[in-house]
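What follows is a short report on a single structure.
The values are calculated or read from the model by the stated rules, or taken from the named source; none is laboratory data. Just so you know, these numbers come straight off a predicted model, no measurement behind them. Cβ: placed from backbone, ideal geometry, glycine included. Neighbour counts: every protein chain shown. For the accessible areas, the whole protein counts, side chains as well, though only heavy atoms, and no ligand, DNA or RNA atoms are used. Shrake-Rupley method; radii C 1.70, N 1.55, O 1.52, S 1.80 Å.
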Amino acid sequence: MLDYFYLGLYYALRFLVKISPKCVLKGFLKSLASAFYHLDKKHTNIMRVNLKMCFASLKDDEIERLIKKNYYNFALFGAEFLLNQNTTKEQILSKISFENEELFNSVLSQNRPIIVQTAHYGNWELFSLAMAARYGAVSIIGRALDSAKMNEILSANRTRFDIELIEKKSAVKQALKALNNRRLLGILVDQNTAKNEGLECEFFSHKIMHTHAASVFASKSGAIIIPAFIERNENKDKSKDDSFKIVFYEPIDMQVLSQNHSKEEALRLATQAQSDATAAQISKKPDEYFWMHKKFKCFYENNYA
């Protein structure tokens, strides 16, 4: 029964988003974001803890402004998900620019498997569509939604442009097959893991547990890891859509790291480099990161009490 409630809510919101003028829609989303800021005490507190740990020099009022902007960005993200369904490759790419694309093209020219490491940053659903529209076949590792009806809708949107979904729980064989077939493999690597499922790394000078999945897949397949993130370019004209930019960071090559370090140290260094790339992107525009999960839970769980 709950599935049908979510489905009804989805269609109602999609209708509202599609018929509303841009300026009206953005005003509604700001009101929605403000309501969540005041009512969702649990996630607001998690965001507050994370931001204070990462940006200790920020004053309390600056932290609160970031949290409010973060809620608004995710309201926009939801509306854009609804609007981007059934769009063409050309329509997707018309709103995307690419920064440091020469780094990615250099990796492409080597004809080696490629892992695109990203995070819950910006409009990450649009990110996978843009990568597939520009570069071809993409496989992404993720978790199915609890709602079967909503998962069908999400999967239909995610699998356009030759995008393959790989279920997180049984990803190894399919991920290695995708890399062997020279499909881009996209992995979101930024969320907290259990101590037996990742490696200890640093994130904004604090200890975290970081998944080493991308590093392991690279070690097994000979793939190069390239960090990349999508950020929003907010249009000051409220009647027009925002544009987006995909930013590439320096590639991480496990083969090179393994020449100079033990296997364990090479895995650690590659995983830390992914954490560093994520932190570098977040530092540019912290309001676009998904601060609502307990990033530091393994080592600082009491901070969230």
Leu176 being farther than 30 Å from Thr88 by Cβ and touching a Lys or Arg at 6+ places or on another chain (Cβ under 7 Å): yes
Pairs where the first residue, in region 160-177, is touching a residue at least 24 places away in the same chain (Cβ under 8 Å) and surrounded by 13 or more Cβ atoms within 10 Å (Cβ to Cβ) and the second is among the basic types (Lys, Arg) and assigned to a helix (DSSP H, G or I), C-beta under 8 Å, 6+ apart: Phe161/Lys89; Leu165/Arg158; Leu176/Lys220
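To keep it simple, each residue is scored yes or no on (1) buried (at least 17 other Cβ atoms within 10 Å of the Cβ); (2) under 21 Å from the mean Cα position of the chain (by Cα); (3) under 30 Å from Ser20 (Cα atoms).
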residue: Thr211; (1), (2), (3): yes, yes, no
residue: Ala214; (1), (2), (3): yes, yes, no
residue: Ala223; (1), (2), (3): yes, yes, no
residue: Asn233; (1), (2), (3): no, yes, yes
residue: Asp237; (1), (2), (3): no, no, yes
residue: Pro251; (1), (2), (3): yes, yes, no
residue: Gln255; (1), (2), (3): no, no, no
residue: Ala270; (1), (2), (3): yes, yes, no
Selection from region 272-284 of residues that are open to solvent by less than 10 Å² (accessible area, probe 1.4 Å) and farther than 16 Å from Thr211 by Cα: Gln281, Ile282
Residue in region 20-32 that is more than 30 Å from Leu185 (Cα to Cα), among the β-branched types (Val, Ile, Thr) and open to solvent by less than 60 Å² (accessible area, probe 1.4 Å) present: no
Residues (assigned to a helix (DSSP H, G or I) and among the hydrophobic types (A, V, I, L, M, F, W, C)) located in region 215-251: Val216, Phe217, Ala218
Phe127, sole failed condition from (1) open to solvent by 40 Å² or more (accessible area, probe 1.4 Å); (2) within 29 Å of Lys295 (Cα to Cα): (1)
Scope region 198-212; condition among the hydroxyl-bearing types (Ser, Thr, Tyr) and not in a strand (DSSP E or B); matching residues: Ser205
Residue pairs meeting the criteria (Cβ under 7 Å; at least 6 apart or on separate chains; first in contact (Cβ under 8 Å) with a residue 40 or more places away in the chain, in region 5-32; second open to solvent by 80 Å² or more (accessible area, probe 1.4 Å)): Lys22/Lys240; Lys22/Asp241
Lys52 vs. criteria open to solvent by 60 Å² or more (accessible area, probe 1.4 Å), out of contact with any Leu (no Cβ under 8 Å at 6 or more places or on another chain) and at pLDDT 95 or above: no
Given (1) among the polar types (S, T, N, Q); (2) at pLDDT below 95; (3) open to solvent by less than 60 Å² (accessible area, probe 1.4 Å); (4) under 16 Å from the mean Cα position of the chain (by Cα), number of the condition Ser147 does not satisfy: (4)
Spans of helices (runs of 4 or more DSSP H) in region 59-117 with at least 3 residues in contact with a helix residue (DSSP H, G or I) (Cβ under 8 Å, 6 or more places away or on another chain), of a type outside the set (Lys, Arg) and open to solvent by 20 Å² or more (accessible area, probe 1.4 Å): 60-83
